[in-house]
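Below you'll find the structure, written out as structure tokens, and then a few comments.
The values are calculated or read from the model by the stated rules, or taken from the named source; none is laboratory data. On a predicted model such as this, the values are computed, not experimentally measured, just so you know. Cβ: placed from backbone, ideal geometry, glycine included. Neighbour counts: every protein chain shown. When the accessible area is computed, the model is the full protein with side chains, heavy atoms only, and any ligands, DNA or RNA have been set aside. Shrake-Rupley method; radii C 1.70, N 1.55, O 1.52, S 1.80 Å.
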Amino acid sequence: MKFSIITIFPAIFDPYLNEGVLKRALQKRLIEVEVHNLRDYTQDKHRSVDDYPYGGGSGMVMKPGPFFSAVETLHPDAAGRRVIMLSPAGKKFDQEMAVELSKEERSLVFLCGRYEAIDERVSTSLADDEVSIGDYVLTGGEMPALVIIDAVARLVSGVLGDEHSAEIESFSWGILDYPHYTRPPVYKGLAVPETLLSGNHKDIVQWRRKQALRRTVKQRPELLEKTTLSEEDQRLMREIKEESA
Ligand code: 4HQ
């Protein structure tokens, strides 16, 4: 899986990519990340990437030229690239999009903007997708690009150990995760739920599923609209409702 990043702050990326799971994935050549400085694709002696907005108003706008030059120079074959512009106006990134992107054969090229905005012609005529990581305003597209790369890279085969591969395939996202515990069995008077200490695997699986459903109803009920619950899940849901009644 190949990721390419275009930014005026290339130094942001190395520290994050060179730790943990992503560092190992890079070492194993399961993913490849190139970081390019947008200013290398400017023409003027000041290497300017922004200018005043047509029509007036506050803030600066990123010029289209450097983004077009960077993409066309670095990825001249349009069929081999998928250009993703980070913007709060984009489609909201979620796990479903992460799965879709993880199956992409083309290089994923991330355009990271700074300042007030990027000239509209970048989104309409250079980017294939405009993506947002959430409804808040950041100072740049660099963290959104890292968020997406992180979520996509862990879905690439071999990046997580086998211990986690079942989780990726299964239903485990769509509803919230169940609560996790480790030693000690009692900490500051707070006990681990007894089912988890029982050694009864069937009971544990059912307890976890019910907790996951309970948590989802309470904290993220809208997630349940997207999911189809099994007969067993529906039974557990009835139990949850009766318990709270
Ligand atoms: N920005 N999801 C403004 C974001 C953002 C987001 C990126 C701020 C682009 C110019 N990007 N720049 N939220 O807030 O993706």
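Could you go through the range 182-192 and let me know if any residue there is without any contact (Cβ under 8 Å) to a residue 12 or more places away in the chain, β-branched (V, I, T) and open to solvent by less than 80 Å² (accessible area, probe 1.4 Å). Yes, the range 182-192 has at least one match.
Inside the range 106-123, can you point out the residues that are outside any helix (DSSP H, G or I), more than 8 Å from the ligand (Cβ to nearest atom) and open to solvent by 10 Å² or more (accessible area, probe 1.4 Å)? Show your work before the answer.
So in the range 106-123, the residues outside any helix (DSSP H, G or I) come out as 106-119.
Then keep just the ones that are more than 8 Å from the ligand (Cβ to nearest atom); that gives 106-111, 119.
Correct list: R106, S107, D119.
Of these, R209, R154, which one is of a type in the set (D, E, K, R), open to solvent by less than 80 Å² (accessible area, probe 1.4 Å), in contact with an Asp or Glu (Cβ under 9 Å, 6 or more places away or on another chain) and closer than 26 Å to M97 by Cα? Walk me through it before giving the result.
Details: R154 fails: in contact with an Asp or Glu (Cβ under 9 Å, 6 or more places away or on another chain).
Criteria check complete, one pass: R209.
For the range 74-81, does any single residue satisfy the condition of being surrounded by 12 or more Cβ atoms within 10 Å (Cβ to Cβ) and within 16 Å of the ligand (Cβ to nearest atom)? No: the range 74-81 contains no residue that is surrounded by 12 or more Cβ atoms within 10 Å (Cβ to Cβ) and within 16 Å of the ligand (Cβ to nearest atom).
Can you say whether L86 is in contact with a helix residue (DSSP H, G or I) (Cβ under 8 Å, 6 or more places away or on another chain), in a loop (DSSP other than H, G, I, E, B) and near the ligand (Cβ under 6 Å from one of its atoms), as far as the supplied structure shows?
Numbers: in contact with a helix residue (DSSP H, G or I) (Cβ under 8 Å, 6 or more places away or on another chain): yes; in a loop (DSSP other than H, G, I, E, B): no; near the ligand (Cβ under 6 Å from one of its atoms): yes.
No, not satisfied.
Residues in the range 131-149 include at least one that is of a type in the set (A, V, I, L, M), touching a helix residue (DSSP H, G or I) at 6+ places or on another chain (Cβ under 6 Å) and over 15 Å from Q95 (Cβ atoms). Considering the range 124-167 alone, what residues qualify as being of a type in the set (S, T, Y) and either more than 11 Å from the ligand (Cβ to nearest atom) or out of contact with any strand residue (DSSP E or B) (no Cβ under 7 Å at 6 or more places or on another chain) (or both)? Within the range 124-167, T124, S125, Y136, T139, S157, S165 qualify. Screening the range 31-62 for residues that are charged (D, E, K, R) and part of a loop (DSSP other than H, G, I, E, B) and picking the one that is least open to solvent (accessible area, probe 1.4 Å) gives D44.
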